[in-house]
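So the structure is just underneath, and the comments pick up after that.
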Amino acid sequence: MSPAILLIILFAPLAAFAVQILFGRRLFAPKEGEQNRIAGAAVPILGVLVSLALTLIYVLPSMFQPTDPFTLPADGNGAAWIDMAGGMELRIGLMLDNTSRVLLFMVTLVCSMIHLFAAGYMKLRDGLPEPRYTRFFAYLSLFTFAMLLLVVSDNLLTLFVGWELMGLCSYLLIGFYYEKKSAQDASLKAFMTTRVGDVLLFVGMAILWTHLGSLRFADIHAGMEAGNLSGGTLTLAGLLCLGGAIGKSAQFPLHTWLPDAMEGPTPVSALIHAATMVAAGVYLAARLLQAAVLDAAALMTLAYVGAFTAVFAASIAFVQNDIKRVLAYSTISQLGYMMLAVGVGSYTAAVFHMLTHAFFKACLFLGSGSVIHAMHDGLHHVHSHADAQDMRNMGGLRKKMPRTHLTFLISTLAIAGAPLTAGFLSKDAVLAGALAYGMKNPGHFLLPALGFLAALMTAFYMFRLVFGTFYGEFGARANEHDRELVLQAEPHLHESPAIMTVPLIVLALGALWAFWSPMDPMSKGWIGETVVQHEVWTDHGAANVAEGGADSHDAHNGVYHTAHIVTIALSIGVAAVGFLFALLFFGLRVLSSERFAQSNFARMLERKYGFDELYDWAFVRNLLRVCNASGAVDLKIVDGLVNGVGSAFVSARRSFTWLTGAIDRLVVDGAVNGVGRSLRWIGAVFRRAQSGLIQNYLLVIFTGLAALIFIVAMGLR
Amino acid sequence: MDYLTLLWLVPLVGMGVVLLAPKSFSRLISLVATGVTLLLSLMIWNAFDSSVAGHQLGVDVEWIPQFNIRYLVGVDGLSLALILLTAVIAIIGVVASWNIGAETHREGTEKAYFAMYLLLVSGMFGFFVALDLILFYLFFELTLLPMYFLIGVWGGPRREYAAIKFFLYTLFGSVFMLVAILALYFQSGAAGARTFSIPELAAMDLPVQIVNWLWFGFYLGFAIKVPVFPFHTWLPDAHVEAPTPISVILAGVLLKMGTYGLVRVNVQTLGNAGEHWWTFLAVMGVVNILYGSFCAMAQRDLKKLVAYSSVGHMGFVLLAIAARTPEGINGAIFQMVSHGLLSGMLFLVVGVIYVRAHHRYIVYPEDEAELEMYHIDQSKAGRLGFGGLATSMPVYTGVMTIAFFGSLGLPGMSGFIGEALSLMGAWRVYPTLTVLAAVGILVGAAYFLWTIQRMFLGEKNPEWAELPDINARELIALVPLAALVIILGVMPSLATDLSKASVHGLEVVQDMIAKFANL
């Protein structure tokens, strides 16, 4: 593979963005009264397909076995980005190791599918041609570039560049329907909340830079090996960096932005707020683990944050009726899993779950998009204002939308961890790591316990979603006000066009077991062989986690092997229980959830434990209070003081004109009098300024200049 | 004649030509004059050897030999980037002033306007090339006069108040500076020969007690110019009243004269001042960042918001200077350039909407007390608020997005590099203050995004539905700045390579490197 290939993979989407944002509207926007054409999305699609094709040709073959990292510049030392003389340099470079390779594959493939899906999905808005169709795809292209940059960076600095550019794209895309207040608020909230994490990450980077003199992962790792950073400062650096990861991956307590981010168009939710950008937090955490920046305390914190978030978010998903919101909370929960994996030192499991999750979660989101698309059209036909995203207005859609249903079902099985799916393999790896950790450290039994509990809950709420959307009778649970019209919409429902269903099928295939582990289920599979924690550097990072990253597939590996066997049985068990309850409550409806829905606990869940209100009060309102107070202080006190001094000066001058006059006449030396003179002189000039005689001003200025030199000279005498 | 003298002489000659030529030629002459200075500054860049720490391309001749006052000019890494910035901002200011007469309702005054403008440009260039303190002071003062007129004659309704406030305030500060210069001169006699030459003074070892006093004297002079809290209140008034191009110059270059002065004098010449002064400076930097950002958030007038954001962003420069690390000083210079470009963009962006809508309220005042406070006609209340500008002015919105996101420190643009280097450089010296400064970044993001939401998003107000989008002349002014912001964000070495050798050569920086060598 030549450097040019990597650069083209990286920059093709950026070039597409530039072309699209500058010329897209002029070239491809439909004329008045016309429909949007796919051509409006052609350039960005071409850009991402170029990246995908090159990835498939050049990167895919070296993905399946351990391969040396490919670096640019070739010597692997990066190039100076900012040189501050005296050997102080900020160096950056690109690196493709196996982790980057699989992520490159995942990102280009998922992005391509979502570009295609969106080309169909985004054509209309409320029955009219989408006015910003071309711009939407420009943003998608920029996003793709940013994510690729993040994945191929060999250092925290360019990773951070990609990271923040994704934040920008996320902001622009969540607020894409910016006419709506809710979309504006959501975009602002997303940017600000993740930025809290970003600032923490940035301070963490400043610490690493101060102590290690480089932000390249390899240099950081080498510096850690040499013991240049340790103790409390190391813990602090690790936790600060993780703050960034927690913000980006919407982990507790910075989770509140992600559900609101569903205000964005559905393909955006699928791409950015499920498959790729939010996983970047996990990617960062994994890289930090690899570079040995996370010490035991930081890892422990992360593990608990992840495990807690997994259960916490799943519980909120129980009571959501908006299908995108259910998926949003499910995303938070699954990201919690990945954080848990990093926290217990299972690097491979974290990356693995990130990959499989990208496929099935993108598929689920696009599936929900396909459903919403159909519902929108149907409801639009009968002029109903019922919510097209509320699953109570749905039901029985499997007959109308067989392809969407099938792919959605496969992905649900995957996320629930049913055997023969990709999700089973990766979730198993995460849970096995957590269980082994719990067995080694019985004091932390809560970590695996929360992990298994979340698995049970996942199966439950996901099948609640499936049953509510695709099974039962259409519109049966719509509220009375809407029901009549909703029922009339049923004949207008239709399966989505091929440009939308083909991506669904491709992504659903990725949710199956076959691709990830073609051999027997007890083998590590290619992913376990190639994406391992220590592929580049020596074993130092693992020491922090007390062998936590050890290979649980090895029969001679004692507790890890046992944990793996137990996990397989247990995870199938809890998933089955979750499924069963969902079936009884929402499939067969032999049990009723009415009583639960009336309970105070359910109400608390509906209010998402009140964190939105809490943050709104604690941060937004109080910040505004501080700002308004500052503004008032500035106007009244700080500036008031200045004006007070000024007017006192003026009135004093008026009262003592005779004195100043005398001083002017009698004393001309010293800088103090210079001020007095200037004051009078300004007054005079100022009165003339009104007269409009420009030449006079100039005369005054030259005289003034001369006077100034004179004053200086006098001062020296 | 040498490049550096031509740099300030050409605008001055241009001023003369403007005065002699018919007024319809004024702007063209100004364009040519600033164009020539841009060319000159590029030639200086070309001739500059970035591996040399000391000043170069200099001229050193006797001027007033009785007092050893010399005409000493030169360029080094501390000043070159700012000279280039000044050249860029100066020519863009001319483009932005193209219809100044009509835009400020003072038709027929173009000749005087451009004469003042060129005098201002001359003063700015002179200040950045001067290495003799008397020369330095003269050019510092020289910028005051034209600025006073440019605000006082071509400004908004309260222009007279704003102009005189600006003038008196700066003059007040420069008195202290003048005293400090003289004291430094006499003090240098004890350590060798009396001199005003900055390079010579920098090489001297002056007693710390004296240096501490001088440090504060210079600080007062520069702090008012930057401006540093609590001397900042002239800035919002000056900006609000100044016409757009003058705001661009004011924020783009004039504020940098304060921070450049701190680097040139307080760091280079008085670097051995006591540690408490540097801590003081760092604290003031953080106060600027937080207080400026908080105040910005409370503003209703977009131009005032941008003015307060300048107060905040200059705080990063102060913090970085106080740190005296290589990252810090390089970062401070970078942040000055970056802020010059970005604040220039911001004020141009404000100007675009003001020229069209004749107001720039983020939220239009509604209740009576506010209407009175902002001097607004009752009949207009409640109708003229913005919102949905993104739909009616898409290109303008795109340019605004670059300016706003660049200012809030989005990576890929210059603002990020400036803030990043500043904070990275400050961490090892002032960790707690650095964390507080980082909080300021958050507030910065909040007020910019909130402004976007309130002005650009949402349904469009029918009142403004037909606003014409940004025009070609406005784009000519804005696009080069946007391009530079992105280029510097992607290739920061273009700027840091200029400054690195000189920064590395600073005595105080060497001390800091030695101090942290074992960390």
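Each of B:Ala445, B:Cys295, B:Gly505 was scored by the projection of its Cα onto the charge dipole of region B:274-519, and the greatest displacement toward the positive side belongs to B:Gly505; charges sit on the C-beta of Lys, Arg, Asp and Glu. Under the combined filter of DSSP loop state and at most 16 neighbouring Cβ atoms within 10 Å, region A:403-449 retains these chymotrypsin sites (Phe, Trp or Tyr not before Pro): A:Phe445.
Legend: mean number of C-beta atoms from other chains within 10 angstrom of residue C-beta atoms, peptide B:157-166, equals 2. Here A:Tyr471, A:Tyr133, A:Tyr171 are placed in order of increasing Cβ neighbour count within 10 Å, fewest first, which gives A:Tyr471, A:Tyr133, A:Tyr171. Classify region B:404-503: rounded, prolate or oblate, from the alpha-carbon gyration tensor (a ≥ b ≥ c, eigenvalue square roots; a/c under 1.5 rounded; otherwise prolate if a/b is larger than b/c)? Taking the square roots of the gyration eigenvalues as a ≥ b ≥ c, region B:404-503 is oblate.
Mind grabbing the base-10 log of I(q)/I(0) for region B:274-519 at q = 0.08 Å⁻¹? Debye formula, identical points on the C-alpha positions, no solvent, two decimal places. Log-scaled intensity ratios, in q order: -0.35. Using C-alpha pairs under 8 Å with a sequence gap of at least 6, the mean separation divided by the residue count of region B:274-519 gives a relative contact order of 28 percent.
Compared with the alpha-carbon gap, the fully stretched path from A:Leu22 to A:Lys399 is longer by 131.3 nm at 0.36 nm per residue. Shielding value for B:399-407 is 1, the average number of Cβ atoms from other chains within 10 Å of each residue's Cβ. Taken about its Cα centre, chain A carries a charge dipole of about 2240 debye when Lys and Arg each add +1 at the Cβ and Asp and Glu each add -1 at the Cβ. Against chain B, whose longest principal axis is taken from its Cα atoms, helix B:472-490 shows a tilt of about 50°.
Projected onto the charge dipole of the protein assembly as shown (+1 at Lys/Arg Cβ, -1 at Asp/Glu Cβ, origin at the Cα centre), which of A:Thr266, B:Val363, A:Leu605 gives the Cα projection farthest towards the positive end? Of A:Thr266, B:Val363, A:Leu605, it is B:Val363. For region B:3-89, a/c is not less than 1.5, where a ≥ b ≥ c are the root eigenvalues of the C-alpha gyration tensor, and a/b does not top b/c. That puts it in the oblate class. Relative contact order of chain B, taken over Cα pairs closer than 8 Å and 6 or more residues apart, is 16 percent. For region B:393-469, the set of GluC sites (Glu not before Pro) satisfying both a DSSP loop assignment and a count of at most 14 other C-beta atoms within 10 Å is given as B:Glu459, B:Glu466. Peptide B:132-144 shows a mean partner chain C-beta count of 2 within 10 Å per residue C-beta. Taking the centroid of alpha carbons for each part, region A:59-93 and region A:563-581 are 43 Å apart. Distance between the 7 Å Cα→Cβ label points at B:Phe186 and A:Tyr609: 6.9 nm. For chain B, the longest principal axis of the C-alpha atoms and the axis of helix B:26-47 are separated by about 40°.
Measuring nothing but how far apart in sequence close Cα pairs (under 8 Å, 6+ apart) lie, relative to its length, chain A scores a relative contact order of 12 percent.
Restricting the trypsin sites (Lys or Arg not before Pro) of region A:181-263 to loop positions (DSSP other than H, G, I, E, B) with no more than 10 neighbouring Cβ atoms within 10 Å leaves nothing. Counting 0.36 nm for each residue step from B:Asp49 to B:Phe172 and taking away their Cα separation leaves a gain of 40.5 nm. For the pair region B:131-193 / region A:420-491, the C-alpha centres are spaced 70 Å from each other. Whole Å is fine, so just give me how far the alpha carbon centre of region A:115-131 lies from that of region A:353-402. Cα centroid of region A:115-131 versus Cα centroid of region A:353-402: 15 Å apart.
By its C-alpha gyration tensor, with a ≥ b ≥ c as the square roots of the eigenvalues, how is region B:60-135 shaped: rounded for a/c under 1.5, else prolate for a/b larger than b/c, else oblate? Here region B:60-135 falls in the oblate category.
Read-outs throughout are calculated quantities, based only on the coordinates presented, and are distinct from any laboratory measurement. Everything numeric in this text was worked out from a predicted model, so none of it was measured. Neighbour counts are summed over all protein chains in view; Cβ atoms, including those assigned to glycine, are modelled from backbone coordinates with ideal geometry.
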